[in-house]
Amino acid sequence: MPSFCAFILGVRCASPPGLSINSTRRRLSGVGYRSSPRVDRRHCRGLTLIEVLLVLAILVIIASLAVTAYGPIQRKAYMRAAEAQIKAFKTPLQAYYLDLNCYPTTQQGLEALRSPPGDLPNPAKWNGPYLDSEVPLDPWGRPYQYECPGRYNPDTYDLWSLGPDGQNGTDDDIGNWMVE
Ligand SMILES: [Ca+2]
């Protein structure tokens, strides 16, 4: 029966002639027996275990390298996706502005693009929804932050993602004042 290491590595670990049943019979009968290099079966078993451990170690190293390389790539892709989403908010917010002559207030938030806020002075001017689907979350699954008037854009609004760390006001925040 091929050993487990042979199965993993595709190497046939053939039983040496000196260890087969037929050769043992021939050895006992003295017929057809030809001396052959002695093979230590314990050596084969020990090598098998080492090979298995080596393969497992290599797989662990490859997996860790893949995770290490994938992390920054995914982070960059998420940040670009957040930038694209923030830019995409600009069109519906401008449409809202054209209808109501103002942007949604901080309290009304981005939900004002989906359903008319209850405190609109003239609800008939609301001609939405201005988004085809629910207000999207950022690539990390958190709501986009919105303030109007903005701290960075006092004449319009600030719209930003908390970024990878999920904390507000840190260096990885992604705001419309950065991407527009
Ligand atoms: Ca942040």
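Since every read-out is calculated from the coordinates, none of them should be taken as a lab result. None of these values were measured; they are calculated from a predicted model. Cβ atoms come from the backbone with ideal geometry, glycine included; neighbour counts cover every protein chain shown.
Give, as a single signed number, the net charge of other residues whose beta carbon lies under 15 Å from the beta carbon of Pro164, with Lys and Arg counted +1 and Asp and Glu -1.
Details: positive: Arg75, Lys76, Arg80, Arg142; negative: Glu83, Asp138, Asp165, Asp171, Asp172, Asp173.
Charge balance in the 15 Å sphere: -2.
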Arranged by the count of other C-beta atoms within 10 angstrom, fewest first, what order do Met178, Met79 take?
Met178, Met79
Short version: ³J(HN,Hα) in whole Hz for each residue of the stretch 64-77, in order, from phi by Karplus 6.51 cos²θ - 1.76 cosθ + 1.60 (θ = phi - 60°), x for Gly and Pro, what are they?
5, 5, 5, 5, 4, 6, 6, x, x, 5, 5, 4, 5, 5
Along the charge dipole of the stretch 35-180, which of Val52, Gly128, Ala77 sits closest to the positive end, that is, farthest toward it, with unit charges on the beta carbon of Lys, Arg, Asp and Glu (+1, +1, -1, -1)?
Val52
Neighbour-count ranking for Tyr144, Tyr152 (other C-beta within 10 angstrom, fewest to most) reads Tyr152, Tyr144
Starting with the fewest neighbours, write out Ser161, Ser115, Ser133 ranked by other beta-carbon atoms found within 10 Å of each beta-carbon.
Ser133, Ser115, Ser161
